[in-house]
Each structure stands twice: as C-alpha cells, then as structure tokens.
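A short write-up of the structure that comes next.
The values are calculated or read from the model by the stated rules, or taken from the named source; none is laboratory data. Because the structure is a prediction, the values reported are computed rather than measured. Cβ: placed from backbone, ideal geometry, glycine included. Neighbour counts: every protein chain shown. Remember, those area values only see protein heavy atoms, side chains included, never the ligands or the DNA or RNA. Shrake-Rupley method; radii C 1.70, N 1.55, O 1.52, S 1.80 Å.
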Amino acid sequence: MNYYVLTLFPEMIENGMNTSIVGRAIAKGYLSLTTVNIRDYSVTGNGRIDDYPYGGGAGMVMQAEPVCRAYEDLIGRIGKRPRVVYLTPQGRVFSQQMARELAREEDLIFLCGHYEGVDERVLEEIATDFVSIGDYVLTGGELPAMVMMDSVARMVPGVLSNQESGQNESFQDGLLEYPQYSRPEEWRGKLVPQVLLSGHHGNVDRWRRDQSLLRTLRSRPELLERAALDKKDRKYLQSLLEEGQETALTDDEKSFLAKLLAI
Ligand code: 6GU
C-alpha cells in the first residue's frame with residue numbers, strides 16, 4: 001500500500017506515521033509514505049496558499065491552484081490516478097467497513113485541508129471520496145488522514161505480526177472486544193476472573209463472548225441490533241434480565257434488551 005498525503009504540515013504526518021507498528025511496516029516496505037507540501041506550490045511567489053472567502057465570513061480558504069498543482073505534480077510522478085480522499089467533517093463517517101474496502105487499493109492519496117476548507121472547484125476536480133472521522137471539529141485533516149491510514153494499514157498483509165493480527169478484535173463480528181488481563185493474578189487486591197485461570201478453553205470462549213455482549217449492550221447498544229446473535233448469546237442476554245444478577249443493568253439497558261430479545 002502506497003500512501004500519498006497532500007498537506008501543509010508534512011512533518012506532522014511523517015512524525016506520526018514513522019512510529020510504532022505503522023513505522024515498522026514502512027521501514028520493512030509493506031507500506032510507503034510520500035508527503036507533498038502544498039506550500040511548495042504557492043502561485044504568489046511568497047508562499048501563500050490561502051485567501052479570503054468570497055461572500056465574506058470568518059477564516060481563510062485554501063486556494064484551488066496550489067492544491068491542484070501539488071496534486072498534478074504528484075500524479076505525474078506516480079504515473080496513475082489513485083483515489084483521492086478529502087478529509088472533511090462534511091464527509092461520510094469513516095468505519096471499519098470503509099477501512100476494509102480502502103485496504104484493497106494499491107495507492108491512496110489523502111488531501112488535508114486547513115483553515116475554513118479548500119476552494120470547492122478543485123475538490124470537484126480531484127477528490128473522489130469525502131470522509132469524516134466523526135461528529136466533532138478538528139483544526140485540519142492531518143489527524144483524520146493518520147487515523148484512516150493507521151486503520152487501513154492494519155489490514156494490509158504483513159503489517160501486523162501473527163501475534164498482533166486482528167482476528168478477534170472489536171467490530172470484527174459487530175461486537176466490542178472483551179476485557180483482557182495479564183500477570184499478576186492479584187493486583188492491588190483485584191483478582192483476574194477465575195475462568196481465565198481454569199484452562200478450560202470452552203468456558204473461556206463463552207465467558208469472553210458474554211463479556212463482549214455485555215460491553216456492547218452497555219456502551220454501544222445499537223451495535224447489538226446488527227450483530228449476529230446465536231441461541232447461546234440470546235440465552236446469556238436473557239439471563240441479564242433476571243433478578244439478582246451481579247451485573248445489574250439500568251432500566252434503559254433492560255428495556256432495550258427486552259425489546260431486542262422480543263424480535
Ligand atoms: Cl475529516 N476534518 C476536520 N477538520 N475535522 C473533522 C474531521 C475531518 N472529521 C471529524 N472532524
């Protein structure tokens with residue numbers, strides 16, 4: 001997977017990406033990263049790439065021409081026209097499914113805006129995908145681009161070791177991940193759940209599945225509506241509605257669950 005990033009802050013992208021698992025994958029050649037500084041394509045001679053918005057209003061707008069020149073120079077060098085992801089809170093919300101889909105591409109270009117955004121005309125010309133990472137506002141597209149590149153990278157063969165490979169992780173089967181424990185067996189008076197020490201793999205798997213169901217119910221109940229629940233899952237969820245449960249549910253959780261199980 002080859003990543004290309006059009007940005008005013010290439011050092012931010014490089015510092016972030018050349019670290020940890022993604023950094024290792026770049027060093028080993030499973031991923032490549034090329035940044036392009038849009039400021040190098042200023043057309044005014046003084047390095048300016050922004051100007052006032054037509055129609056007035058706060059902030060500045062990144063001009064079409066420097067962005068377009070940065071893009072054209074890049075595609076000239078790589079000799080193809082990959083998808084161009086423009087990071088914007090007005091885009092489709094990023095998801096694991098989008099990450100899986102983008103991981104099938106050989107090359108991806110990310111265009112990071114700043115200030116109040118980028119002149120619409122160049123977006124019409126070059127952007128193929130408009131993506132947001134959630135409903136909050138950030139100062140620029142660099143962090144969202146890095147979020148997307150990190151998540152896509154995990155699905156590129158070779159990037160994760162077998163140990164790190166994400167078979168059992170959150171969202172794989174539409175549920176949140178179960179809790180994890182490591183040594184020591186007792187930490188500040190808190191014990192590791194007994195079942196995990198039992199060596200009984202069937203019981204461990206069932207406990208983990210139940211914990212995933214419970215966590216999903218508590219933090220992201222809407223995910224349960226889409227998850228594939230089997231008979232044992234439903235039986236566990238049903239048991240949560242019974243009296244004297246140690247995992248006492250709130251009234252909201254109970255009524256959500258009752259409705260879910262009635263379907
Ligand atoms: Cl993609 N960009 C910016 N500036 N803010 C955001 C975002 C993107 N996604 C959520 N907030």
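Remarks
- Condition broken by residue 149, with the remaining ones in (1) more than 9 Å from the ligand (Cβ to nearest atom); (2) modelled with pLDDT of 95 or more; (3) more than 19 Å from residue 19 (Cβ to Cβ); (4) touching a strand residue (DSSP E or B) at 6+ places or on another chain (Cβ under 8 Å) satisfied: (3)
- With respect to being within 17 Å of residue 114 (Cα to Cα) and loosely packed, with under 12 Cβ neighbours inside 10 Å, residue 76 falls outside the description.
- Pairs linking a residue in the range 245-261 that is in contact (Cβ under 8 Å) with a residue 24 or more places away in the chain to a residue that is open to solvent by 70 Å² or more (accessible area, probe 1.4 Å), with Cβ atoms under 7 Å and 6 or more positions apart or on different chains, are 253/218; 260/225; 261/234; 261/238.
- Among (1) more than 23 Å from residue 15 (Cβ to Cβ); (2) open to solvent by less than 60 Å² (accessible area, probe 1.4 Å); (3) modelled with pLDDT under 95; (4) in contact with a strand residue (DSSP E or B) (Cβ under 7 Å, 6 or more places away or on another chain), the one test that residue 166 misses: (4)
- Qualifying positions in the range 26-36 - in a helix (DSSP H, G or I) and of a type in the set (A, V, I, L, M): 26, 27
- Pairs where the first residue, in the range 23-43, is farther than 19 Å from residue 146 by Cβ and the second is of a type in the set (D, E, K, R), C-beta under 6 Å, 6+ apart: 41/69; 42/48; 43/65
- Set side by side, the residues 93, 85 differ, and just one is closer than 16 Å to residue 134 by Cβ, surrounded by fewer than 17 Cβ atoms within 10 Å (Cβ to Cβ) and among the β-branched types (Val, Ile, Thr), which is 93.
- Counting the residues of the range 108-137 that are open to solvent by 70 Å² or more (accessible area, probe 1.4 Å), near the ligand (Cβ under 9 Å from one of its atoms) and modelled with pLDDT of 95 or more gives 3.
- Condition met for residue 39 (assigned to a strand (DSSP E or B), open to solvent by 20 Å² or more (accessible area, probe 1.4 Å) and not aromatic (Phe, Trp, Tyr)): no
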